[in-house]
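So the structure is just underneath, and the comments pick up after that.
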Amino acid sequence: MMELQKFITNFAEQFEDTKMSEFSKETVFSELEEWSSMTLLSIIAMVDEEYEVTLKGDDIRSVTTIEDLFKLVKSRK
Amino acid sequence: MNNPFSIENKVLLITGATSGIGKSIAIECSKLGATVFISGRNELRLKETYSELSGKQHQYLVSDLSCENEVVELSEKVPELDGIVNCAGFNKVLPFHFTTRKDFKEVMEVNFFAPTDLTRLLIKNKKLKKGSSIIFISSISGVYCSFIANSIYSSSKGAVNGLVKALALDLAAKKIRVNSVNPGMINTNILSEGKISHEQLQEDIKRYPLKRYGEPEEVAYAVIYLLSDASTWITGSNILIDGGYTLL
């Protein structure tokens, strides 16, 4: 079973400077100051490693919040 | 009239000819009258390249260069050559902390070990004529600069460039020249793997002084120069083809 809270933690772990408290299911991740090509590629790698789902850059651009991304990954499982 | 830039009647082996740069090199060399032996993994796509070649007497050889024994087989199937163009290669885009030794090995196998073994076998079996030309398709990445999440690819291309220098020295006595071409981003299928979004690609293109990515043919023309007798005093060199990217 994929759990949203665990997904948010995994997501947050790809960031160095953003506080854990800034991440919730409603977080619009592309608006985070630390959001960059590097964090985007880290999210793709994390999703591949943890959930065995291969995302493309455009998949991530197509969603807004962390929960949206969670749902997208879940739908691809 | 004697044309020093001619590659007419030269016999060439081109690996990685199923797509992108390798395919373009095979087609352009055939147009200029060379006889080309093309190799690649995917038979269907290799046949597609083969059907686009100009002239006859070319051959295609299906081989997976990630398998050591297929590299050996390939070296045995080709006749005596005037040149090799090592194009087979691939990329794994991963932030360094997500990479594994296995990822590195897979890429190094095709990008570095395969062309190294192939070249050694061809020399040992005396399949390279005196005065022949060996060309490696390297990259700007790992030689002049790098990109985020590119540690695997950069390492493989850095290794290739080191090899080019040392090989050029060791093969000089046989009058065999060894050079690389180092392209920046080229419009090929490698880009459509998709980890990089279209938006990011558009941003990246802006960083090129000439405001576009290169075309495969623009790499092929430099390779043709290195294959021709116009470049007989060039060995151990790296030709940078990057639309000015590394100037900034």
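The values are calculated or read from the model by the stated rules, or taken from the named source; none is laboratory data. All values reported here derive from a predicted model rather than from experimental measurement. Methodologically, a virtual Cβ is constructed for each residue, glycine included, from the backbone with ideal geometry; neighbour enumeration extends over all protein chains shown.
For the stretch B:84-92, the criterion of being hydrophobic (A, V, I, L, M, F, W, C), at pLDDT below 95 and surrounded by fewer than 23 Cβ atoms within 10 Å (Cβ to Cβ) is satisfied by at least one residue.
Every residue, every condition in (1) under 20 Å from residue B:19 (Cα atoms); (2) surrounded by 21 or more Cβ atoms within 10 Å (Cβ to Cβ), yes or no:
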{"position": "B:65", "(1), (2)": "yes, yes"}
{"position": "B:106", "(1), (2)": "yes, no"}
{"position": "B:125", "(1), (2)": "no, no"}
{"position": "B:135", "(1), (2)": "yes, yes"}
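Quick check: is even one residue across the stretch A:34-55 among the aliphatic types (A, V, I, L, M), more than 9 Å from every other protein chain (Cβ to nearest Cβ) and either surrounded by fewer than 15 Cβ atoms within 10 Å (Cβ to Cβ) or farther than 16 Å from residue A:13 by Cβ (or both)? Checked against the condition, which is being among the aliphatic types (A, V, I, L, M), more than 9 Å from every other protein chain (Cβ to nearest Cβ) and either surrounded by fewer than 15 Cβ atoms within 10 Å (Cβ to Cβ) or farther than 16 Å from residue A:13 by Cβ (or both), the stretch A:34-55 yields at least one hit. Scanning the stretch B:122-141 for residues that are outside any helix (DSSP H, G or I) and either within 14 Å of chain A (Cβ to nearest Cβ) or not aliphatic (A, V, I, L, M) (or both) gives B:125, B:126, B:127, B:129, B:130, B:131, B:132, B:133, B:136, B:138, B:139, B:141.
Restricting the search to the stretch A:22-76, which residues are of a type in the set (Lys, Arg) and assigned to a loop (DSSP other than H, G, I, E, B)?
Once the filter is applied, which keeps residues that are of a type in the set (Lys, Arg) and assigned to a loop (DSSP other than H, G, I, E, B), the stretch A:22-76 yields A:25, A:56.
Give me a count of the residues in the stretch B:142-164 that are part of a helix (DSSP H, G or I) and not small (Gly, Ala, Ser).
Total satisfying the criteria: 7.
State which residue is surrounded by the fewest Cβ atoms within 10 Å (Cβ to Cβ) when the search covers only the stretch B:17-32 and only residues that are under 23 Å from residue B:64 (Cβ atoms) and touching a Phe, Trp or Tyr at 6+ places or on another chain (Cβ under 9 Å). Step by step, filter the stretch B:17-32, then rank; the result is B:17.
Can you spot a residue in the stretch B:183-205 that is among the hydroxyl-bearing types (Ser, Thr, Tyr), in contact (Cβ under 8 Å) with a residue 40 or more places away in the chain and within 14 Å of chain A (Cβ to nearest Cβ)? Checked against the condition, which is being among the hydroxyl-bearing types (Ser, Thr, Tyr), in contact (Cβ under 8 Å) with a residue 40 or more places away in the chain and within 14 Å of chain A (Cβ to nearest Cβ), the stretch B:183-205 yields no hits at all.
Is one or more of the residues making up the stretch B:219-232 more than 14 Å from chain A (Cβ to nearest Cβ), loosely packed, with under 15 Cβ neighbours inside 10 Å, β-branched (Val, Ile, Thr) and in contact (Cβ under 8 Å) with a residue 24 or more places away in the chain? The answer is yes, given that some residue of the stretch B:219-232 is more than 14 Å from chain A (Cβ to nearest Cβ), loosely packed, with under 15 Cβ neighbours inside 10 Å, β-branched (Val, Ile, Thr) and in contact (Cβ under 8 Å) with a residue 24 or more places away in the chain. Against the numbered list (1) buried (at least 16 other Cβ atoms within 10 Å of the Cβ); (2) charged (D, E, K, R); (3) over 11 Å from the mean Cα position of the chain (by Cα), residue A:58 comes up short only at (1). Scanning the stretch B:33-57 for residues that are crowded, with 20+ Cβ neighbours inside 10 Å and not in a helix (DSSP H, G or I) turns up B:34, B:35, B:36, B:37, B:38, B:39, B:40, B:53. Which of the following residues is surrounded by 14 or more Cβ atoms within 10 Å (Cβ to Cβ) and modelled with pLDDT of 95 or more: B:116, B:100? After applying the criteria, what remains is B:116. Contact map, the stretch B:50-78: first residue free of Cβ contacts under 8 Å to residues at least 12 places away in the same chain and more than 20 Å from residue B:32 (Cα to Cα), second residue surrounded by 14 or more Cβ atoms within 10 Å (Cβ to Cβ) and not polar (S, T, N, Q), Cβ cut-off under 8 Å, separation 6 or more or different chains; pairs are B:70/B:64.
Listed here are the residues, each with its yes/no results for (1) of a type in the set (A, V, I, L, M, F, W, C); (2) part of a loop (DSSP other than H, G, I, E, B).
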residue: B:75; (1), (2): no, no
residue: B:79; (1), (2): no, yes
residue: B:91; (1), (2): no, yes
residue: B:94; (1), (2): yes, yes
